[in-house]
1. When residues of segment 89-117 are filtered for being surrounded by fewer than 20 Cβ atoms within 10 Å (Cβ to Cβ) and under 26 Å from GLY304 (Cα atoms), how many remain?
2. Please tell me if PRO171 is out of contact with any Lys or Arg (no Cβ under 8 Å at 6 or more places or on another chain) and at pLDDT below 95.
3. Looking at segment 22-74, which of its residues are assigned to a helix (DSSP H, G or I) and of a type in the set (D, E, K, R)?
4. Of the numbered conditions (1) in a strand (DSSP E or B); (2) not assigned by TED's automatic domain parsing to the domain that holds ALA175, PRO141 satisfies every one except a single condition; which is it?
5. Can you give me the number of residues within segment 186-197 that are out of contact with any strand residue (DSSP E or B) (no Cβ under 7 Å at 6 or more places or on another chain) and either among the hydroxyl-bearing types (Ser, Thr, Tyr) or surrounded by 15 or more Cβ atoms within 10 Å (Cβ to Cβ) (or both)?
6. Considering each of GLY243, GLY311, GLY302, GLY283 in turn, give the residue that is under 27 Å from CYS204 (Cα atoms), surrounded by 21 or more Cβ atoms within 10 Å (Cβ to Cβ) and not hydrophobic (A, V, I, L, M, F, W, C).
7. Condition first: under 27 Å from VAL163 (Cα atoms) and assigned to a loop (DSSP other than H, G, I, E, B). Can you find one or more residues in segment 225-238 that meet it?
Amino acid sequence: MDDLRLLLDLLGTPSPSGSEGPALDVFSLHAERLGFAVTRDAAGNARATLGAGQPHILFLGHIDTVPGFWPPRTEDGHVHARGAVDAKGALAAGLLAAAKVGPSARGTRTVVAAVGEETDSRGVFELLRGPAPDAVLVGEPSGWDRVTIGFRGQRFGTFEARVRPAHGSAPAPSALDLAVDAAARLRVSVASMARGSVFASPSCRIVGWTHAATPAEETAGFRADVRAPKGFDWSRLEEAVPGILWSRPTEAVLVDKGNPVVRALVAAIRANGGRPSYVLKAGTSDMNHAARVWKVPMASFGPGDSTLDHGPDEQLSLEEFRASIGILEDAYGRLAESLGNQVEKSQSGIRGLRA
């Protein structure tokens, strides 16, 4: 199968969060043709599995995108399409690499096309109900020669002001005045907590406004998206701007550079002619949730420039896409051997104790 055909078929099928069904069908069809056994779970995730036994290596990709679609076009060695970077390129590379390793290789490889990553993460929450694999690779854009080892956390805040309507010349603030003032205080408070690098500092964006008026009442409010580093003091922010209703926080994640997944990816990048480096990302991903529940080695990797995420011109270098397939194939093999040896050693120890 042409590697590019899989990528273009996925990119040519719109899959905004909540409407992933047709793209999941495309993914499943290609996975079955590649020899995978494909199942769907209660959340709608497609799980493509190849091989058997331990170690179990999970590639956690996501098939949903933010809204916006245009037919993919290939130009100057790049494919332009919604989701090319975030993150169908990584998902396609993860599936193709696992297929190239083959079914007879040591252990099991499962590639997940998860739903809802861009909204409520319902896909990964469903996965986390099950047993942990032995290792997790999270498919997010890092660039073909870089490994992502950290993501900031996230929390949403909602504010609403209610007042009696009054003439525009009245001295009392309007509901919009109160909402704008609260938003400004929030942004100033977050900015005052900066600690050097972007990854080590919080940030705040106002992502929505509301306003309504009746003869009896005027209401106005906003929704804020706050990103924060590991160990952030949320109580300090809550006290600084009272009146904001906060969602449950998604905590930041930072994995050890020495864990087996990071080591396998770094070695694979070197073996394929790259000079590996590490990435600490300002955003969040399903790795934030996976790391909280599954205490197994993990890291994030995928082709693409993450500064193009969610933008009007997502584009992915086809040379980088193909390079990432080779790196993931190499990394799968290295992980299968290193983790498989650990499993054998552990089982041998248990047998010795029983004897």
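1. 2
2. yes
3. Answer for segment 22-74, where residues must be assigned to a helix (DSSP H, G or I) and of a type in the set (D, E, K, R): ASP25, GLU32, ARG33.
4. (1)
5. 4
6. GLY302
7. no
So that you can scan it fast, the table gives a plain yes or no per residue for (1) crowded, with 24+ Cβ neighbours inside 10 Å; (2) basic (Lys, Arg):
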| residue | (1), (2) |
| --- | --- |
| GLY18 | no, no |
| LEU34 | no, no |
| ALA37 | no, no |
| ALA42 | no, no |
| ALA46 | yes, no |
| HIS56 | no, no |
| ASP64 | yes, no |
| ARG73 | no, yes |
| ALA87 | yes, no |
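The values are calculated or read from the model by the stated rules, or taken from the named source; none is laboratory data. Owing to the predicted nature of the structure, the values given are computational and were not obtained by experimental measurement. Backbone-built Cβ (ideal geometry, glycine too); neighbour counts: all protein chains shown.
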